[in-house]
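Peer 1: Sharing a structure below in structure tokens format, with a few things to ask.
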Amino acid sequence: MRFTDLVCRTEKGIYCPPGDFYIDPVRPVARALVTHGHSDHARAGHEAVLATPETLAIMAARYGEDFAATRQEAVLGEVLEINGVSVTFHPAGHVLGSAQIAVEKAGTRIVASGDYKRRADPTCTPFEPVPCDVFITEATFALPVFRHPDDRAEIRKLVASVGQFPDRTHLVGAYALGKAQRVIALLREAGYEETIYIHGALQRLCDLYEEEGIRLGPLAPATVEKGGRKDFAGAIVLGPPSAFADRWARRFADPVAAFASGWMRIRQRARQRGVELPLIISDHCDWDELTRTIGEIRPAEVWVTHGREEALVRWCELNGIAARPLHLAGYEEEPD
Ligand SMILES: [Zn+2]
């Protein structure tokens, strides 16, 4: 069986012709397998959705209970048959519930990894390398310049800054799904047990993480109406990056603007956003982790979905692995 007979690229996304299903389709389809809850991968409006229970819960929280006509839970490691194709979900270590999807027929196995990372993350199950013929990988940070530092050291910078500026509010921008909860969990791991204030846009997902057993500690809404500006002096306030452009952010006392993102590696981006305290914390692999992962799995072919495809394709070729970009449309550069 040729690899492209099992999985191919279409306008709607990655498609398995014999199984007649899509993985993370960007348009409504009859049957979608979804790797994780980020909005460019998990969209509303499919007829049937197969995903991990956590991803299904995230989709319901974001889109409402009627996000799909039918839904089916995928248990990690359990083999499912879809039209004669074996499908297995494996942890991806990206956000709560994130999974790689392995598709197998007639001895050929292709793994669509969605988004993934290799570092320990207190909020999700670690990535598991799955032997395969074709490894489909993202390339968000696929340039040698991207080397993420230790996330715990980045969190210590935040805690140190709070100690240094007890009269200022630390406003931390963090993507609403995954990054925000990871920053909170890392703060708790670092021994920070004060109340952390959160923007309303984070409430439901933080509740969901807690329901799934991820301890986030004392949280409270960051609403200024109920008190004075001084209430947040010395506090950490988390909000989605989009909230920092609106009036909400201007209410806090002499804020220290922080932003938790892999993009903070690029100083110019931090400056453009007016970020005083950049925290390089990413839910994606850096260059070393991408190449290490491909080196560990050693697939016959690597297909690259979105990001900086060229450098990764070149690296594979130099290391004797056939590789090509998929040029998939519809996947945004995640705020990460
Ligand atoms: Zn993602």
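Read-outs throughout are calculated quantities, based only on the coordinates presented, and are distinct from any laboratory measurement. Since we're looking at a predicted model, the values are computed, not measured. Quick reminder, even Gly has a Cβ in these numbers, built from the backbone with ideal geometry, and neighbours come from all protein chains shown.
Peer 1: With the dipole of the chain worked out from charges on the C-beta (+1 for Lys and Arg, -1 for Asp and Glu) around the Cα centre, which of Ala185, Ser242, Ala68 lies farthest toward the positive end?
Peer 2: Working it through, the farthest residue towards the positive pole turns out to be Ser242.
Peer 1: Please compute the length gained on full extension between Leu318 and Ala190, using 0.36 nm multiplied by the number of residues separating them and subtracting their Cα-Cα distance. Intermediate values should be presented prior to the final figure.
Peer 2: Details: separation 128, 0.36 × 128 = 46.08 nm, distance 4.08 nm.
Length difference between fully extended and current span is 42.0 nm.
Peer 1: Another question, if that's okay. Can you figure out the FRET efficiency of Glu73 with Asp133, using R₀ = 30 Å and their beta-carbon distance, to the nearest 0.05?
Peer 2: 0.65
Peer 1: A further question on this structure: If each Cα of the stretch 90-140 is one equal point scatterer, what is log10 of I(q)/I(0) from the Debye formula at q = 0.31 Å⁻¹?
Peer 2: Evaluating at q = 0.31 Å⁻¹ gives log10 I(q)/I(0) of -1.17.
Peer 1: Just to confirm the filter: which GluC sites (Glu not before Pro) across the stretch 152-203 are DSSP coil and have at most 15 other Cβ within 10 angstrom of their Cβ?
Peer 2: Those satisfying the criteria are Glu193, Glu194.
Peer 1: Another question, then. Roughly what % antiparallel, to the nearest 5, for the DSSP beta bridges in the stretch 90-219?
Peer 2: Taking every DSSP beta bridge with both residues in the stretch 90-219, the antiparallel ones total about 65 percent.
Peer 1: Right, next: Using 0.36 nm per residue of separation minus the Cα-Cα distance, give me the extension gain between His327 and Arg292 in nm, one decimal.
Peer 2: Once the chain is fully extended between His327 and Arg292, it gains 10.3 nm.
Peer 1: Follow-up question, since we're still on this one. Sort out for me the Cα centre separation of the stretch 204-267 from the stretch 3-25, rounded to whole Å.
Peer 2: 39
Peer 1: If you don't mind, another one. At q = 0.08, 0.13, 0.16 Å⁻¹, what is the log10 ratio I(q)/I(0) for the chain, with the Debye formula run over Cα points and no solvent?
Peer 2: -0.38, -0.96, -1.34
Peer 1: Another one. Can you give me the Cα centroid spacing of the stretch 54-88 and the stretch 111-183 in angstrom?
Peer 2: Answer, in whole Å: 25.
Peer 1: Return the single residue from Asp115, Asp167, Asp151 with maximal mean-square fluctuation; model: Gaussian network over the chain, springs between Cα atoms under 10 Å.
Peer 2: So, out of Asp115, Asp167, Asp151, the one fluctuating most is Asp167.
Peer 1: Can you give the Kirkwood hydrodynamic radius of the stretch 151-279 from its Cα pairs, in Å with one decimal?
Peer 2: Over the stretch 151-279, the inverse of the mean reciprocal pair distance is 14.6 Å.
Peer 1: Points 7 angstrom from Cα along the Cβ direction at Arg152 and Asp5: gap in nanometres?
Peer 2: Distance between label points: 5.0 nm.
Peer 1: Determine which lysines satisfy two conditions relative to Lys179: a Cα distance under 16 Å, and not lying fewer than 8 residues away in the same chain.
Peer 2: Result set, ordered by chain and number: Lys117.
Peer 1: Counting DSSP beta bridges with both partners in the chain, what percentage is antiparallel, nearest 5? Write down the numbers at each step before the final one.
Peer 2: Numbers: 20 of 58 bridges.
Just about 35 percent of them are antiparallel.
Peer 1: Between Arg251 and Glu211, what length comes free when the chain is fully extended (0.36 nm per residue of separation minus the Cα-Cα distance, one decimal in nm)?
Peer 2: Contour length minus the Cα-Cα distance gives 11.3 nm.
Peer 1: Per residue of the chain, what 222 nm ellipticity follows from adding -39500 (n - 2.57) for every DSSP H run with n ≥ 4, rounded to the nearest 500? Could the numbers behind the result be given before it?
Peer 2: Numbers: 8 runs with 79 residues, N = 336.
Calculated mean residue ellipticity at 222 nm is -7000 deg cm²/dmol.
Peer 1: Trypsin sites (Lys or Arg not before Pro) within the stretch 161-267: which are DSSP loop residues with at most 15 other Cβ atoms inside 10 Å?
Peer 2: Arg215, Lys226
Peer 1: DSSP beta bridges in the stretch 33-99, what fraction antiparallel, as a percent rounded to 5?
Peer 2: On the way: 4 of 10 bridges.
Roughly 40 percent of the DSSP beta bridges within the stretch 33-99 come out antiparallel.
Peer 1: Would you work out the relative contact order for the stretch 151-279, in percent, from Cα pairs under 8 angstrom that are 6 or more residues apart?
Peer 2: Once divided by the residue count of the stretch 151-279, the mean separation gives 36 percent.
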